[in-house]
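Chemist: I have a structure I would like to understand better, so I am pasting it below and will then ask my questions one at a time.
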Amino acid sequence: MTTPPILELRGVSKNFGNTLALHNINLEIANGEFLTLLGPSGCGKTTILRILSGFEAPTRGAVFLNGQEITSSPPELRQVNTVFQSYALFPHMSVWDNVAFGLRMQKRPKVEINQRVAEILRRVHLAEYGDRMPRQLSGGQQQRVAIARAIINNPLVLLLDEPFSALDLKLRKQMQFEIKHLQRQIGITFVFVTHDQEEAFAMSDRVVVMNEGTVIQVGSPQEIYEEPESLFVARFVGEINVLEGDIRAARPGGTYQAEVEGVPFILHSRREFAEGETVKVLLRPEDLKVYLEQEKAQQPPFFLGTINETVYKGATVDILRTLDNGKKLQAAEFFNEDDADITYRPGDRVSVTWVEGWEVVLNAEGE
Amino acid sequence: MERVPSPGASRFREASIAGTWLWLGLFALLPNLVLLLVAFLDRDTVGFFIPSLTLDNFRELFAPVFLGVLWDSIRLALCSTLVCLLAAYPFAYALAKAGPRLRPWLLLLVIIPFWTNSLIRTYALILMIGAQGLVNKCALGLGLIGAPLELMYTDFAVFAGMTYTFLPFMILPLYASIEKLDPGLADAAKDLGAGSLRTFWHSTLPLTLPGVVAGCILVFLPSLGSFYIPEILGGATNMLLGTFIKNQFLVAKNWPLGAASSSVLTLLLVLLAVLYRFTSQRAAGGYNAPLNARRDGE
């Protein structure tokens, strides 16, 4: 990164009593970036957010905002604002007063406050709702008020703590789109916390995958999904098939002669493996190709197996089947308009292979 | 939407509601109406009153003697309400924020005096502030004072007695409203740039206002009407409203005047109840207000 980071965590650890909530977190967040902290509940992502907002102090380590150390400065003195999970709108104040709160605390002139509140309410499509009380709004509208109330202060960083968890699926998708759009418009750095990988991928420039208080992997959504560095990440960000393999011989150009579930395959990987090493071969359901045995003659290599079950999912069909050696695999196929009548029935014999080079190979200890 | 109750359940519901109404009507509304009626009747030195209508009793309430009594009582009640509020709020706050292990013990500190007969507690206070009381003994022992302070039979003693007796009535409603408070709101206020003081002023206080008002009513009204505390702890010099009313009924045998002054107290209660309803609606963000009616009006 050539420009200095807007936000930086250096060696941050946090203990709650004897529990280690965060362990040595190092993270740099670039100005204007949309960064998501992704992980299962209890992984420490919300603790990071509360350390950034100033509601928790790290046990060890330091936090820098725009080059200034803010490790021990209180929330009200940080140029950081939060959209809370429960919105935390002041129930005794109108929408207008809620949004104006931050500017009033800064003792801005009335004219400026009126102008900026009106502008921000227009931006979140709530221009007509200034007089309403929070209780009179729908969940989506309350969400917009919470966002407006936070961004009106022009924070250097906006923190969002699972802001969509109370919304239904359709509204959540719409708000994801709106927030992403808003972030591009105003150019403020967003740090977003979620346990929903789909949400993380849809919105973020970079995703930080966390587990048990440590950062497991940082990367673009595509890197995280296609190049997981560990089995945890691979499993957390989507369905995955894990196959057992043995490296037989290394070849030039990052390819390996290997045996996967007893069938010889060529594996591609940027990682180094030794001859005879046991590996795990990870394949996304949508990367698998399934053919009925009688359909057409397949170029080896492939696995042979039997269809167990198909699950209709609307846009895709999940196909569960068992390889001849007993291994269970899951594949997802998109409907193909050209041969819409291809259906699999339980008991059908099939051959299975994958698009060469789309596999992820990890060493067997990479759990 | 509403579940249709079975005939039996419906009859039970009607019967229990009717029972409550009957009880309230017989033992609360009716006596008060009789009291109000008596307030408009003439005084009789032999019987209790004679049935001729008059406004004399209310006119007498504007006499300097009664106004003096009223003013002294209100002043004392306001002072003890204020001190109760200032003492109770931090305690109620600590109580609401206390951990699960500490909280029952703190609550017990409030509940025990709350359950103890207040007459006994008032007499107990004599042991504390009397000439040979604990306060004087300690202060003498420490050399803070040369001679025992005369605390008993003063306005201060009455004030201390009221504050001590009615403090739990302030703590409990405050605790209830602080405990309900979403801690996220204080976080939000701080996040938006409010320091601790302004967070309290703009968020915590307005949202716990129903508790403040309820507690103030529960302390102010009994303080205003109390007669045993001033009689036990107070001097003979300053008569208070409670003693005044009691004297009209029991000593001066002037029931109409007692009824009139007592009605004024009841009116005050009604006004304060209206105030309470108003503040709790505001704190709830119009939640208790007829929401649909408001929407229809727009």
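Laboratory data are not the source of any read-out in this text; all were calculated from the coordinates shown. On a predicted model such as this, the values are computed, not experimentally measured, just so you know. Here the Cβ is made from the backbone with ideal geometry for all residues, glycine too, and neighbour counts use every protein chain on show.
Chemist: Just flag the chymotrypsin sites (Phe, Trp or Tyr not before Pro) in segment B:23-65 sitting in loop per DSSP whose Cβ has no more than 16 other Cβ atoms within 10 Å. Mind dumping the intermediate values first?
Modeler: Working: sites: B:Trp23, B:Phe27, B:Phe40, B:Phe48, B:Phe49, B:Phe58, B:Phe62; in loops: B:Phe40, B:Phe48, B:Phe62.
Passing sites in segment B:23-65 are B:Phe48, B:Phe62.
Chemist: Further question on the same structure: Rg(Cα) of the protein assembly as shown divided by 2.2 N^0.38 Å?
Modeler: Dividing the Cα Rg of the protein assembly as shown by 2.2 N^0.38 Å gives 1.42.
Chemist: Beyond a 29 Å Cα-Cα separation, which of these cross-linked pairs lie in this structure: A:Lys110/B:Lys180; A:Lys180/A:Lys313; A:Lys45/B:Lys180; A:Lys110/A:Lys173; A:Lys45/A:Lys327; A:Lys45/A:Lys170?
Modeler: Beyond 29 Å between Cα atoms: A:Lys110/B:Lys180; A:Lys110/A:Lys173; A:Lys45/A:Lys327.
Chemist: To continue, here is another question. Using the Kirkwood radius over Cα pairs, work out the Stokes-Einstein diffusion coefficient for segment B:58-285 at 10 °C and 1.306 mPa s, in µm²/s as a whole number.
Modeler: Details: Rh = 19.7 Å.
Value of D from the Cα-based Kirkwood radius: 81 µm²/s.
Chemist: Let me ask another. Take B:Thr116 and B:Met128, extend 7 Å from each Cα along the Cα→Cβ direction, and tell me the distance between the two endpoints in nm.
Modeler: The two pseudo-label positions are separated by 0.9 nm.
Chemist: Rounded, prolate or oblate: pick one for segment A:105-163, where a ≥ b ≥ c are the square roots of the eigenvalues of its C-alpha gyration tensor, a/c under 1.5 means rounded, and failing that, prolate if a/b is larger than b/c, else oblate.
Modeler: Oblate, since a/c reaches 1.5 and b/c is not below a/b.
Chemist: Counting only DSSP beta bridges with both residues in the protein assembly as shown, tell me the antiparallel percent, nearest 5.
Modeler: 80
Chemist: Oh, and also: Could you tell me which of rounded, prolate or oblate describes segment B:85-151, using a ≥ b ≥ c as the square roots of the eigenvalues of the alpha-carbon gyration tensor, with rounded for a/c under 1.5 and, failing that, prolate when a/b is larger than b/c and oblate otherwise?
Modeler: Taking the square roots of the gyration eigenvalues as a ≥ b ≥ c, segment B:85-151 is prolate.
Chemist: Considering the options B:Leu76, B:Thr208, B:Leu86, tell which one lies farthest towards the positive end of the dipole of chain B, charges being +1 on Lys and Arg and -1 on Asp and Glu at the Cβ, about the Cα centre.
Modeler: Final value for the positive-end residue is B:Thr208.
Chemist: Any idea how far the Cα center of segment B:149-219 sits from the one of segment A:219-240, in Å?
Modeler: Spelled out, the Cα-based centre of one part sits 53 Å from the other.
Chemist: Would you work out if segment B:132-255 is rounded, prolate or oblate? Take a ≥ b ≥ c from the square roots of the eigenvalues of the alpha-carbon gyration tensor; rounded if a/c is under 1.5, else prolate when a/b is larger than b/c, oblate otherwise.
Modeler: Since a/c reaches 1.5 but b/c is at least a/b, the shape of segment B:132-255 is classed as oblate.
Chemist: I've got another one for you. Using only the alpha-carbon atoms, what does chain A span along each of its principal axes? Please give whole angstrom values in decreasing order.
Modeler: 77, 48, 39
Chemist: Could you grab the Rg to Rh ratio for segment B:1-151? Cα atoms only, Kirkwood for Rh.
Modeler: When Rh is taken as the Kirkwood radius, the ratio is 1.15.
Chemist: Moving on. Using the crude model of +1 on Lys and Arg Cβ and -1 on Asp and Glu Cβ, and no other charge, please compute the dipole size for the protein assembly as shown relative to its Cα centre, in debye to 20. Kindly include the intermediate steps, with their values, before the conclusion.
Modeler: On the way: 58 positive and 65 negative charges, 664 e Å.
Roughly 3180 debye for the protein assembly as shown.
Chemist: Once you list every other residue whose beta carbon is under 13 Å from the beta carbon of A:Glu112, what net charge do they have if Lys and Arg are +1 and Asp and Glu are -1?
Modeler: After counting each charged neighbour, the total is +4.
Chemist: On a C-alpha basis, how far is the centre of segment B:48-117 from the centre of segment A:170-188 in Å? Whole number, if you could?
Modeler: Cα centroid of segment B:48-117 versus Cα centroid of segment A:170-188: 54 Å apart.
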